[in-house]
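A short worksheet on the structure shown next.
The values are calculated or read from the model by the stated rules, or taken from the named source; none is laboratory data. These numbers come from a predicted model, not from an experiment. Virtual Cβ from ideal backbone geometry, glycine too; neighbours counted across all protein chains shown.
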């Protein structure tokens, strides 16, 4: 099998997403052996997640800012930030939540929801800046990768 980008080189690995052949140079571009097209697809998915969570963050920030009426600017800002972290905290908790909670009564589900909501607020306060950094970094790499792939295809 030959490399999908460099037709004269032998492939040493396959793309994890599509199975195209990759030479050693293409294999070492990313942490996983993945082709440029699939890397762009993954970055686009990250971009969609960023847009969705950003909209949710702005709405929740405004809600928290509104709820803290009479607390002064910093109190209102902190409350808004506390609520804005729900989106990223919730998505983080979804990754680690066991499936044992599927068999609960309605009271158990209500308790589960409120505990998860509170934990997502707490965890979201710390995860939100990191997640935003990671997504923005990925978007910058994606833009550079898109420019690189467009220059190759010309």
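Quick notes
- Filtered residues of the range 7-25 (kept if under 12 Å from residue 37 (Cβ atoms), in contact with a strand residue (DSSP E or B) (Cβ under 7 Å, 6 or more places away or on another chain) and in a loop (DSSP other than H, G, I, E, B)): 15, 20
- Qualifying residue in the range 65-87 (condition: buried (at least 17 other Cβ atoms within 10 Å of the Cβ), in the same structural domain as residue 137 (by TED's automatic domain parsing), outside any helix (DSSP H, G or I) and in contact (Cβ under 8 Å) with a residue 40 or more places away in the chain): yes
- Qualifying residue in the range 139-146 (condition: touching a helix residue (DSSP H, G or I) at 6+ places or on another chain (Cβ under 9 Å) and either at pLDDT 80 or above or over 23 Å from residue 48 (Cβ atoms) (or both)): no
- Among all residues of the range 4-19, there is none that is assigned by TED's automatic domain parsing to the domain that holds residue 134, closer than 25 Å to residue 133 by Cβ and within 19 Å of the chain's Cα centre (by Cα).
- Residue match in the range 93-103 (condition: surrounded by 11 or more Cβ atoms within 10 Å (Cβ to Cβ) and modelled with pLDDT of 85 or more): yes
- Scanning the range 44-64 for residues that are touching a residue at least 60 places away in the same chain (Cβ under 8 Å) and farther than 15 Å from residue 132 by Cβ turns up just one, 44.
- When the test is whether a residue is touching a helix residue (DSSP H, G or I) at 6+ places or on another chain (Cβ under 9 Å), modelled with pLDDT of 75 or more and surrounded by 13 or more Cβ atoms within 10 Å (Cβ to Cβ), residue 124 passes it.
- Filtered by the rule that a residue be at pLDDT below 85, in a loop (DSSP other than H, G, I, E, B) and surrounded by 15 or more Cβ atoms within 10 Å (Cβ to Cβ), the range 26-58 gives 29, 30.
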